[in-house]
Every structure is written in C-alpha cells, then in structure tokens.
Amino acid sequence: MSSIGYLEVKVPKEKLLKLREDMDRANPASKYGRYKAWLHYANLESAQESGMHFRYLTQSGLGVADKFICTCGLYIEEGENLPNLFITAEIEDKSRELLLDPVQKVRGHRDLGDFKSASCALIVGSRYIQSKSCYLYSAYCQECGEIIFEIRNEEAKAFVNSHNNKHLGQL
C-alpha cells in the first residue's frame, strides 16, 4: 500500500444539486441522513472554493493504517516514516502559531484551482470576524516559510499564487 497518494475529491456542482434533490424528496425518516450527505459535500466544496487545505477526512479500516485526506486529494497513511515528504524543522518552527494538522505539514499538495498542478503555499486556516461579517484567512509557504495571518480570501489566494510561481514556476 502506498504511503502517499492522491484521490479525486473535487466536488462537481451537479453532485451537490443531485444530493440536494435527493434530500428534498426523501421521506421524513431518511431526510436527516440525506442532509448529512449533502452537508459533507457542501462543506468540502466550500473549503475547496476558498482554497483551504486541511485534513478533511480520515479513512480507517481493519488492519489498515489510517489514511488522512486533504481537501486537495493528497493523502498520507498514518505511521509511515516519510521525512523527505514533510516540511523542514525550520519551516515547522516558523509556522508553529498556525497549529498545522499532519496533512498541512506534508509537501506535495495540489492546487485547488485545477486539482492537478503542485502547490507549495497553502491556505491553512480561517476565522470568522463578526464585527466585519467576514472570514479572514491564514496561509504559509512550505518552501520559504513566509506566513500571513488573517487576511481577505482574495489576498490569501494571491499569496498562494505568488509563492507557487516563485518556487514551482507555475503560471
């Protein structure tokens, strides 16, 4: 079994519409279950739209290591020693305030714009600011360690694009 890999996790709009229709048509006894299914994919799609990378799912199985899955589809299996895939100790020290989850410390993420190209800069957190009625986002670069805290989503996405262009040569 692989220690790292990718799953197809992009949520098509059609899937959300179909899940919503199924929920609306469900009998009362099934409605809550259908709602939870729709909510799972609606939340994933929202995170992907905002550019957030985080451990969205954990798959567990009998006799199989836990698989931690990011919103971009990157997965790692728990217990594997993969030091060359993790950010450096220096970058981890710089990013300590971000309280990164295990998936956010692994390199090799995909860009949430196309789910194909690599991304070394990640939006890793958000906080709702009630007084401004908006979310502010935090991000960091896995290559140089630069961090931004609580800025608008457009600015966080620009930070990600700038660092991906600088470090990975993406357009």
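Points worth noting:
- Answer residue from the range 82-96, given it is part of a helix (DSSP H, G or I) and of a type in the set (A, V, I, L, M, F, W, C) and is surrounded by the most Cβ atoms within 10 Å (Cβ to Cβ) among those: Ile91
- Residue count, the range 114-171 (criterion: in contact (Cβ under 8 Å) with a residue 60 or more places away in the chain and farther than 18 Å from Leu100 by Cβ): 4
- Residue satisfying all of: in the range 97-139; touching a strand residue (DSSP E or B) at 6+ places or on another chain (Cβ under 8 Å), among the small types (Gly, Ala, Ser) and assigned to a loop (DSSP other than H, G, I, E, B); surrounded by the most Cβ atoms within 10 Å (Cβ to Cβ) among these: Gly108
- Annotation: Ser2 fulfils all but one of (1) of a type in the set (S, T, N, Q); (2) modelled with pLDDT under 95; (3) under 29 Å from Ile148 (Cα atoms); the unmet one is (3).
- Of all residues making up the range 1-39, the number that are over 22 Å from Met52 (Cβ atoms), in contact with a strand residue (DSSP E or B) (Cβ under 8 Å, 6 or more places away or on another chain) and surrounded by 13 or more Cβ atoms within 10 Å (Cβ to Cβ): 1
- When the residues of the range 140-171 are filtered to those that are at pLDDT below 95 and exposed (fewer than 14 other Cβ atoms within 10 Å of the Cβ), the one that is farthest from Lys94 (Cα to Cα) is Leu171.
The values are calculated or read from the model by the stated rules, or taken from the named source; none is laboratory data. Everything quoted here is computed from the prediction, not taken from an experiment. Heads up, the Cβs are rebuilt from the backbone with ideal geometry, glycines too, and the neighbour counts pull from every protein chain shown.
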